[in-house]
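Read-outs: derived from the displayed coordinates by stated rules, not from any lab. Bear in mind the structure is a predicted one, so any value in this text is a computation, not a measurement. No Cβ is skipped: glycine too gets one built from the backbone with ideal geometry, and neighbour counts run over all protein chains shown.
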Amino acid sequence: FYHTNGTLGAEKIYNKGELEKETFYDEKGKVLPKGSFINRKENAYFKGGKENYNKQLKSLYSKLRKFRKENGISYAFYGKVIVRYVIGVDGKLRDVTIDKTIPKGMNDFIINWFENLRGWKPRIHMNRKVPKYMVQPVNFKKKE
């Protein structure tokens, strides 16, 4: 297993399907003492937990209402869109896309909001920070 910078992150040696030895390395290639590696596996998470992430999403909805009002975007559009993004190894969101056609200004607003959302900790797998693909529904009420 390799770190994103190309250095070895973890090495496992098996004999007849049984793990005999595993070694973990830091991002500079230095062997880590047994038991000191970051973690074998940890999912990406938002700083402050799900409660804080939901608080951030509420602020998105509030800003969207204001944006729609200021830009004269009709409330005739309602329903749900799916926002897809990747949490990079640095915790920044990349490749933000929306699954449906929505008014251009709203599309750009939502993508920009997600791209500027800070607070993600990257996924850890075999002592390496790795990108994590995420999906977030965004609902638009008929009468906001």
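Observations on the model:
- Positions within the range 69-118 being assigned to a helix (DSSP H, G or I), out of contact with any strand residue (DSSP E or B) (no Cβ under 7 Å at 6 or more places or on another chain) and within 20 Å of Lys50 (Cα to Cα), in sequence order: Trp113
- Candidates Lys121, Lys129, filtered to the one that is under 23 Å from His3 (Cβ atoms), surrounded by fewer than 18 Cβ atoms within 10 Å (Cβ to Cβ) and touching a strand residue (DSSP E or B) at 6+ places or on another chain (Cβ under 8 Å): Lys121
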